[in-house]
Number of protein chains: 2
Amino acid sequence: MLSKAQSKYIRSLEMQKFRQEHRTYLAEGDKIAREWLASSARIQMIVALAPWAAQHQDLIRKHPEAELVLAEEEQLKQVSGLQTPNQVILVVALPEPEKDTLPASWALALDAIRDPGNMGTLLRIADWFGIDTVTCSPDCTDVFAPKVVQSAMGAHLRVRVLEQDLPSFIRDSKLPAVAATLEGTNVYGFRAPAKGILVIGNESRGVSEAVKAACTQQVSIPRTGGAESLNAAVSAGILCALLLPRP
Amino acid sequence: MLSKAQSKYIRSLEMQKFRQEHRTYLAEGDKIAREWLASSARIQMIVALAPWAAQHQDLIRKHPEAELVLAEEEQLKQVSGLQTPNQVILVVALPEPEKDTLPASWALALDAIRDPGNMGTLLRIADWFGIDTVTCSPDCTDVFAPKVVQSAMGAHLRVRVLEQDLPSFIRDSKLPAVAATLEGTNVYGFRAPAKGILVIGNESRGVSEAVKAACTQQVSIPRTGGAESLNAAVSAGILCALLLPRP
């Protein structure tokens, strides 16, 4: 049974302050829980409906470090961040901060991405294109917020995420850095380097001047229609498809 | 002053049922309101804070058909769908149903897109790439829902949206139709027709079998990393950038 204290603890993890304090985050729903339990993530608590727990004993047994708490549907509803709670919520230990900050392949650098849905979609794009490093400026939304975890669809398990001042990250990497802007070189005519950093800017202001100054190039996706701009994650997807080495 | 009846009417337009009944929808916030008032959209009501109305008299005067209602901040908050209400809400007449369903250039066909944020982003992509026609299957989310209008960033004013059974739309158009699937031809090696229909499927199930059967080709974006799939709008953006004629 889920105690009041446990329930309060889980709900607190919707806030970054408490995720930082407890060094844990939430991963919710059947599909995500199965993916997390199959991975090497350190699980602190598994809160599940009894039928779900019975059906996934093998996965649960892989995590002797985790406390298993059976919950009633009503209790799960009270702690869930989803509109329709989905059988299981995990409390997961935040990964240890990464020390080696040099990307092995193309990296993605995110400058002040504020919307959790966009952030999750950007991590999912990195995961699809085999980008191993995503570096977030300190004013990005927290990548361990429940909405980011939901929309990243497992990217947290495969893509390492750093938080760092972007101009320093770019300079230290000694890699060419390509900023997505509205006034750059036409991306269709652009000869991409074999390895580099793709820089995506804030949803309304774009890439900041300080970060632009640290970049070696700027590229744009040419527009045919009337829209003022593209969504940040959509731009990132298009630029990954056009700039990264093709499989 | 905003009356109780007006306030109730505006709130009712958050639901598709009442948008259909009254043949109107909501367009909210400073930027969107300015864009809508500068267009030829038929505006039924302008609900604004007094300073906003004073500052935008020229735009308001362009719409003698519209009833101008000044509201207090507190009143605007009560009818707003935004977390932070933004000075103005418009009630807009739904556009007349389109008769001519043949696209003049590449068209986008959406098969059961359910998420309003995705729908808005897809319309914004169509608007960016100069796609003049977006055809939605009848089980798509309503394109005039407030969240769709917010995330489409003005696309409603420039892209015509049809609702039609997709297999009939594809067959009647006599255009090549390219479905985005996980098992299609590698898009990098694909020779795109000069004009066609790009078909994007549901967020979790992809393009339905019935729609696939009506398509002439299937393409896929090759994956390098571990993600199971890409977000529907991101896939659409990438495929538009790779398939459509380049400006």
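The values are calculated or read from the model by the stated rules, or taken from the named source; none is laboratory data. These numbers come from a predicted model, not from an experiment. Ideal geometry is used to build each Cβ from the backbone, glycine not excepted, and the neighbour counts take in all protein chains shown. Side chains included, ligands, DNA and RNA excluded: accessible areas come from the protein's heavy atoms. Shrake-Rupley method; radii C 1.70, N 1.55, O 1.52, S 1.80 Å.
Data for the structure
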{"item": "Rg(Cα) / (2.2 N^0.38 Å) computed for segment B:65-178, rounded to two decimals", "result": "1.23"}
{"item": "Loop-exposed GluC sites (Glu not before Pro) per DSSP, neighbour cap 14 Cβ within 10 angstrom, longest uninterrupted part of chain B", "result": "B:99-227"}
{"item": "Separation between Cα centres of segment B:49-77 and segment B:201-217, rounded to whole Å", "result": "45"}
{"item": "Contour minus Cα-Cα distance for A:Ser3 and A:Thr185 (0.36 nm per residue)", "result": "59.7 nm"}
{"item": "For the protein assembly as shown, diffusion coefficient by Stokes-Einstein and Kirkwood Rh (Cα), 37 °C, 0.692 mPa s, µm²/s", "result": "135"}
{"item": "Extension gain, B:Gln217 back to B:Lys77 (0.36 nm per residue minus Cα-Cα distance, nm)", "result": "45.5 nm"}
{"item": "Shortest-first distances to equivalent copies, position B:Pro176, nm, label 7 Å out along Cβ", "result": "3.1"}
{"item": "Label 7 Å beyond Cα on the Cβ vector: B:Arg114 copy-to-copy distances, nm", "result": "3.0"}
{"item": "In segment B:97-181, the trypsin sites (Lys or Arg not before Pro) that fall in loop regions by DSSP, at most 15 other Cβ within 10 Å", "result": "B:Lys99, B:Arg114, B:Lys174"}
{"item": "Average other protein chain Cβ within 10 Å of Cβ, residues B:119-126", "result": "3"}
{"item": "7 Å along Cα→Cβ, label-point gaps from A:Arg42 to other copies, nm, shortest first", "result": "6.4"}
{"item": "For chain A, share of DSSP beta bridges that run antiparallel, in % to the nearest 5", "result": "30"}
{"item": "Whole-Å semi-axes of the ellipsoid equivalent to segment A:149-193 (Cα gyration tensor, √5λ, descending)", "result": "25, 17, 11"}
{"item": "Overall form of segment B:166-235 per C-alpha gyration tensor (a/c, 1.5; a/b vs b/c)", "result": "oblate"}
{"item": "Probe 1.4 Å, protein heavy atoms only - accessible area per residue of the protein assembly as shown in square angstrom", "result": "46"}
{"item": "Förster radius 25 Å - calculated FRET efficiency between B:Glu96 and B:Lys195, Cβ distance, rounded to 0.05", "result": "0.45"}
{"item": "Nearest-20 debye value, segment B:1-91 charge dipole, Cβ charges on Lys, Arg, Asp, Glu", "result": "300"}
{"item": "Dimensions in Å of segment B:1-45 - Rg and Dmax from alpha carbons", "result": "11.4, 29"}
{"item": "Eligible lysines near B:Lys212 by straight Cα distance, threshold 17 Å, same-chain separation 8 or greater", "result": "B:Lys174"}
{"item": "Projected label distance in nm at B:Asp139 and B:Asp165, using a 7 Å step from Cα toward the beta-carbon", "result": "1.4"}
{"item": "Over chain B: Rg over Rh, Cα atoms, Kirkwood Rh", "result": "1.03"}
{"item": "Heavy-atom accessible area, 1.4 Å probe, ligands and nucleic acids excluded: residues of segment B:214-228 down by at least 20 Å² from chain alone", "result": "B:Ile221, B:Pro222, B:Arg223, B:Thr224, B:Gly225, B:Gly226, B:Ala227, B:Glu228"}
{"item": "Distribution of pairwise C-alpha distances over segment A:1-100, 5 Å bins, in %", "result": "2, 14, 26, 26, 20, 9, 3, 1, 0"}
{"item": "Label-point separation in nm, A:Gln57 to B:Thr84, each point 7 Å along Cα→Cβ", "result": "5.3"}
{"item": "Computed helical MRE - 222 nm, chain A, DSSP H runs ≥ 4 contributing -39500 (n - 2.57), nearest 500", "result": "-9500 deg cm²/dmol"}
